[in-house]
1. By the gyration tensor of its Cα atoms, with a ≥ b ≥ c the square roots of the eigenvalues, what is the shape of segment 99-153: rounded for a/c under 1.5, prolate for a/b over b/c, or oblate?
2. Amide H to amide H, which residues 5 or more places from S100 or on other chains are under 5 Å from it, using H placed in the peptide plane?
3. Classify segment 31-151 as rounded, prolate or oblate from the Cα gyration tensor: take a ≥ b ≥ c as the square roots of its eigenvalues, call it rounded if a/c is under 1.5, otherwise prolate when a/b beats b/c and oblate if not.
4. Going highest first, how would you order 41-54, 127-140, 189-202 by mean Cβ packing within 10 Å?
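No value in this document is a laboratory result; all are computed from the given coordinates. On a predicted model such as this, the values are computed, not experimentally measured, just so you know. Reconstructed Cβ throughout: ideal geometry from the backbone, glycine too, with neighbour counts over all protein chains shown.
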Amino acid sequence: SLNSIVVGESVLNDAVAMITFRAVTHYGVNLKAEWESIMLSFLVTGVGSALLGTAVGLIAALSFKIMGMGRRGDLPHVEATIFTAFAYGSFVCAELPENSGIVAAMFAGMTMRAFARPNLSPKAQVGVDSLLKVMCTICDNIIYLLVGFALTIEIPYVLSPDLPGTTLLLSQSVTAFVYVITVCIVARAMHLFPILGFFNCVT
């Protein structure tokens, strides 16, 4: 669906941005002198995080199959708890070695959706779906609140050039804001419309 494509593309954009930021800040901002190391760090972090998330998803699927809890179906709350723990564990396992937890969690989610979820009992499947939807909604709202709070904190510095810590004038901030929003909209359109066209052709 359109919502799934938009959300998935935005999550992937966030993950790529974080990996790029870590790669650049780890080796410094001298791109001409360190571009090989930055590219290697980007590839290792991205591929490593994806492989780690996939591995956690497969381990989760195997664990549920061996435990056979889905066949019993008398402990759906325990199944949902273990399922969530595996999903969060992929994020933690990726962040500890300074990889991307978002990429690992995304690949773990796709793998667990395909292989681990069918090994859950019907009640646990409904519980996991409901729990994850609630957690996603709460996390989205928290992010929007934090972004809003960050803007209110930065506004006085933009409006008062004499305050310490001010780096941009109001006109410069408006220009940067319009430029970033325009680039984001154009980039999102260049990604989404071809994907939607291909999706409509194959369905």
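1. On the way: a/c = 6.22, a/b = 1.90, b/c = 3.28.
Oblate, since a/c reaches 1.5 and b/c is not below a/b.
2. Placed amide hydrogens put S49 under 5 Å from S100.
3. oblate
4. Result, highest mean Cβ count within 10 Å first: 41-54, 127-140, 189-202.
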